[in-house]
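Notes for the one structure printed next.
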Amino acid sequence: MERVNSPSALGAALRQRRRKLGLTQDDLALAIGVNRKVVGQLEGGKQSVRLDIALNAARALGLNVGVEARGESDS
């Protein structure tokens with residue numbers, strides 16, 4: 001599991017997954033009901049992108065987002 005600890009790391013993970021799926025920013029934007037510019041901001045790590053948009057993007061790309069206490073893992 002890839003750890004995401006910043007908006008830029010989340011954006012990079014979303015971009016990587018979108019590209020792996022062969023989707024454009026326009027495709028993802030349409031799937032989550034936002035403008036392509038918002039997807040670009042999200043992938044660029046812009047901190048002001050709403051959390052619900054980030055979660056919708058992850059869901060649309062087939063990614064799980066979880067929260068765990070520091071020092072704990074599924075190992």
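Taken together, the values in this text are just the output of simple stated rules run on the coordinates, not laboratory data. Note that this is a predicted model, so its numbers are computed, not measured. A quick note on method: Cβ atoms are made from the backbone with ideal geometry, for glycine too, and the neighbour counts reach across all protein chains shown.
If only residues of the stretch 14-50 that are touching an Asp or Glu at 6+ places or on another chain (Cβ under 7 Å) and surrounded by 18 or more Cβ atoms within 10 Å (Cβ to Cβ) are counted, the one that is nearest to R70 (Cα to Cα) is L14. Residue-level check: of (1) farther than 21 Å from E2 by Cα; (2) in contact (Cβ under 8 Å) with a residue 24 or more places away in the chain; (3) under 12 Å from the mean Cα position of the chain (by Cα), R17 misses just (1).
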